[in-house]
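Everything below concerns the one structure shown next.
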Amino acid sequence: METLSTTLLVIGGGPGGYVAAIRAAQLGVATTLVEGDNVGGTCLNIGCIPSKALIHAADQFEKAGQFARNSPLGIHVESPRIDVAQTVRWKDGIVTKLTGGVATLLKKNGVQVVAGWARIIDGKTAEVTTATGQNALRIVCKHLLLAPGSQVVALPAMPFGGRVISSTEALAPKALPKRMVVVGAGYIGLELGMAYRKLGTEVAVVETLQRVLPAYDDELTKPVAASLRRLGVQLHLGCTVQGLNASGDAVRIRDAQGEESALPADQVLVAVGRRPRTEGWGMETLMLDMNGSAVRIDDQCRTSMRSVWAIGDVTGEPMLAHRAMAQGEMVAEVIAGVRRHFMPAAIPAVCFTDPEVVVVGRTPPEATQAGLDCISASFPFAANGRAMTLESSDGFVRVVARRDNHGIVGWQAVGQGVSELSAAFCHSIEMGERLEDTAGTIHAHPTLGEAIQEAALRALGHPLHVARA
Ligand code: FAD
Ligand code: NAD
């Protein structure tokens with residue numbers, strides 16, 4: 001068997017692994033990256049990017065449908081049609097462009113990319129098998145970086161197969177189902193459930209908890225729940241899934257009172273979470289300390305074994321691409337001898353529903369739970385000129401700040417296009433802004449961003465474009 005020696009061996013070419021590899025190579029560390037599938041990982045191939053492409057296509061189709069019905073803007077079109085095969089080709093084109101770009105960046109930065117599945121032998125050795133099971137290669141390294149990501153969680157009562165699909169299949173539809181049942185009202189269930197509804201599918205969502213997006217607070221999720229109802233998505237909250245019926249064309253559910261019913265379904269999208277990919281590729285043999293189902297790491301992404309590092313989804317929540325990338329960049333620098341620690345003041349979370357939801361830092365309930373005496377104030381988009389011109393005056397921006405020194409500890413927003421405000425929110429918290437700093441910064445008019453300044457003014461007790469509380 002051929003043996004290859006390297007300083008850093010990265011297993012997994014997702015946003016965590018490829019960023020780490022690029023940065024390490026930039027810093028002169030001899031780096032090899034092993035990827036069994038396409039570089040770009042879940043994010044570029046079957047996650048963030050394809051889902052946002054499908055959501056955009058669905059938004060456009062729905063907009064065209066509105067124009068065909070009754071547009072306040074005076075635009076009239078014939079009833080729109082969608083060629084979903086073309087939509088998928090367009091989405092695939094974006095994925096190909098981005099994954100090709102990553103491959104080029106890895107090459108240009110001098111990363112050696114090995115295509116194949118890695119199997120861990122020990123903390124300094126892995127063996128790689130190609131897709132065809134041939135050309136086994138042994139790689140020995142000084143540093144081993146684990147970045148294998150996560151995998152979908154299946155429901156024991158309703159395993160994947162046939163009509164029961166995961167987000168991967170939902171992102172590449174051959175045809176649109178007439179009726180879809182979505183299990184899980186979290187990120188994937190709502191982002192994709194809404195997109196399918198907008199594309200014309202009848203969608204029913206089943207969620208065990210009593211709210212949609214239960215990870216967020218009630219105030220933030222209310223506009224999303226209202227929008228789901230407006231779109232005609234059926235919500236079955238506080239319900240558990242019992243499995244498919246005998247003929248396999250309906251999902252049996254039980255509500256909180258124990259009442260059973262069946263929801264007809266041509267397709268069932270199961271989106272009940274993802275779990276770190278820690279088994280089946282030899283990682284268990286390292287006997288690393290775990291944090292639940294995730295690999296335990298410290299603030300430099302070190303595992304419990306010397307010179308074995310881990311980043312991204314395999315290290316648990318929050319399982320987000322930008323967190324994986326930030327860890328990857330940092331760990332590469334640490335391995336190259338730079339003094340770094342992973343201590344972000346905030347990691348933004350964005351849910352690309354309609355309206356979008358952004359959470360940065362602490363929400364009011366979280367601030368209270370942390371024992372902080374905080375003030376919070378919201379500014380509604382209903383009072384923002386730009387939001388009106390975009391026909392999107394639902395939602396608000398909310399700020400949370402300490403009562404004593406007005407230091408900002410959190411920003412949240414719900415509304416159309418608010419994902420783009422996340423950069424300003426993170427900047428504000430990382431830079432340690434106080435309410436007075438935000439309130440005293442000129443925000444361009446007319447923009448949605450003015451709601452940021454107005455929320456800070458309102459928290460200070462003197463808003464300009466809404467009545468004082
Ligand atoms: P991954 O991206 O999962 O990459 C791991 C890579 O390792 C994979 O390519 C895999 O093939 C490879 N690999 C695994 N084991 C081996 C092995 N033994 N040998 C060789 N290669 C191996 N996050 C966001 O921040 N924003 C979003 O909008 C967003 N949308 C999402 C939508 C969907 C539908 C899904 C499923 C996820 C979404 N996420 C989103 C989450 C995001 O995709 C992940 O957090 C991110 O991809 C994690 O990066 P990673 O590098 O840890 O792992
Ligand atoms: P999730 O954790 O966001 O949501 C899962 C939902 O399923 C929860 O509301 C949970 O209460 C519910 N649930 C669990 N078991 C259930 C059951 N048996 N029946 C009914 N409901 C059940 O998980 P997800 O939507 O699968 O997404 C996985 C991960 O992918 C997320 O945690 C996130 O890290 C990432 N992601 C992020 C984005 C984004 O950043 N915009 C988008 C998609 C995915």
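The values are calculated or read from the model by the stated rules, or taken from the named source; none is laboratory data. Here the structure is a predicted model, which is why all the values come from computation and not from measurement. Glycine also receives a Cβ, built like all others from the backbone with ideal geometry; neighbour counts cover every protein chain displayed. We work out accessible area using only protein heavy atoms, side chains counted, and drop any ligands, DNA or RNA first. Shrake-Rupley method; radii C 1.70, N 1.55, O 1.52, S 1.80 Å.
Kindly report, to the nearest 10 Å², the accessible surface of Cys426 as traced by a 1.4 Å probe over protein heavy atoms only.
Probe radius 1.4 Å; accessible area of Cys426 about 30 Å².
Work out from phi, with θ = phi - 60° and the Karplus expression 6.51 cos²θ - 1.76 cosθ + 1.60, the ³J(HN,Hα) of each residue of region 78-93, listed in order in whole Hz, and give x for Gly and Pro.
Going residue by residue, I get 6, 4, x, 10, 10, 9, 5, 5, 5, 4, 5, 4, 4, 4, 4, x Hz, with x marking Gly and Pro.
Return the calculated 222 nm mean residue ellipticity for the chain, to the nearest 500 deg cm²/dmol, obtained by summing -39500 (n - 2.57) across DSSP H runs with n ≥ 4 and dividing by the residue count.
-9500 deg cm²/dmol
Under the Kirkwood approximation for Rh and a Cα-based Rg, what ratio Rg/Rh is obtained for region 82-185?
1.07
Provide the percentage of antiparallel DSSP beta bridges, counting only those with both residues in region 144-261; round to the nearest 5.
Details: 8 of 17 bridges.
Of those bridges, close to 45 percent are antiparallel.
Output the Kirkwood hydrodynamic radius of region 1-40, Cα pairs only, in Å rounded to one decimal.
Final number for the Kirkwood radius of region 1-40 is 10.4 Å.
Quick check: at a probe of 1.4 Å, how many percent of the accessible area of the chain sits on carbon and sulfur atoms?
Details: 11380 of 21750 Å².
The computed percentage sits at 52.
Mind checking the full-extension length gain between Ala423 and Ala215? Use 0.36 nm per residue of separation minus the Cα-Cα distance, one decimal, nm. Can you show the working numbers first?
Details: separation 208, 0.36 × 208 = 74.88 nm, distance 2.09 nm.
Full-extension gain reported as 72.8 nm.
Short version: ³J(HN,Hα) in whole Hz for each residue of region 301-318, in order, from phi by Karplus 6.51 cos²θ - 1.76 cosθ + 1.60 (θ = phi - 60°), x for Gly and Pro, what are they?
Listing the rounded values in order: 6, 7, 8, 6, 10, 4, 6, 10, 10, 9, 9, x, 4, 5, 9, x, 6, x Hz.
Using the C-alpha gyration tensor of the chain, what are the square roots of 5 times its eigenvalues, in whole angstrom, with the largest one first?
Values: eigenvalues 286, 189, 93 Å².
The answer is 38, 31, 22 Å, longest axis first.
Along its three principal axes, how long is region 273-405 when you only count alpha carbons? Whole Å, largest extent first please.
Between the extreme Cα coordinates on each principal axis of region 273-405 lie 58, 36, 29 Å.
Which lysines, on any chain, are close to Lys107 with Cα under 22 Å apart, when same-chain ones fewer than 8 places away are left out?
Straight-distance partners of Lys107: Lys97, Lys142.
Could you do me a favour and compute the accessible area per residue for the chain, 1.4 Å probe, result in Å²?
Each residue of the chain exposes 46 Å² on average to a 1.4 Å probe.
So, by mean Cβ neighbours within 10 angstrom, what's the order for 34-47, 68-81 with the highest one leading?
Working: 34-47: 23.5, 68-81: 9.9.
Peptide ranking by packing, descending: 34-47, 68-81.
Please work out the ratio of the alpha-carbon Rg of region 131-245 to 2.2 N^0.38 Å and round it to two decimals.
This ratio for region 131-245 stands at 1.39.
Just order 432-441, 450-459, 145-154 by mean Cβ neighbour count inside 10 Å, highest at the front, would you?
450-459, 145-154, 432-441
What fraction of the Cα pairs in region 194-345, stated in percent, has a spacing above 28 angstrom?
45
Where nothing but the Cβ of Lys and Arg (+1) and of Asp and Glu (-1) is charged, how large is the charge dipole of the chain around its Cα centre, in debye to the nearest 20? Walk me through the intermediate numbers first.
Details: 43 positive and 45 negative charges, 128 e Å.
For this selection, approximately 620 debye.
Per residue, what volume in Å³ does the Cα convex hull of region 68-137 take up?
Working: hull volume 14.6 nm³, N = 70.
For region 68-137, the hull spanned by Cα atoms encloses 209 Å³ per residue.
What share of the DSSP beta bridges in the chain is antiparallel, in percent to the nearest 5? Show your work: numbers first, answer last.
Details: 49 of 84 bridges.
Roughly 60 percent of the DSSP beta bridges within the chain come out antiparallel.
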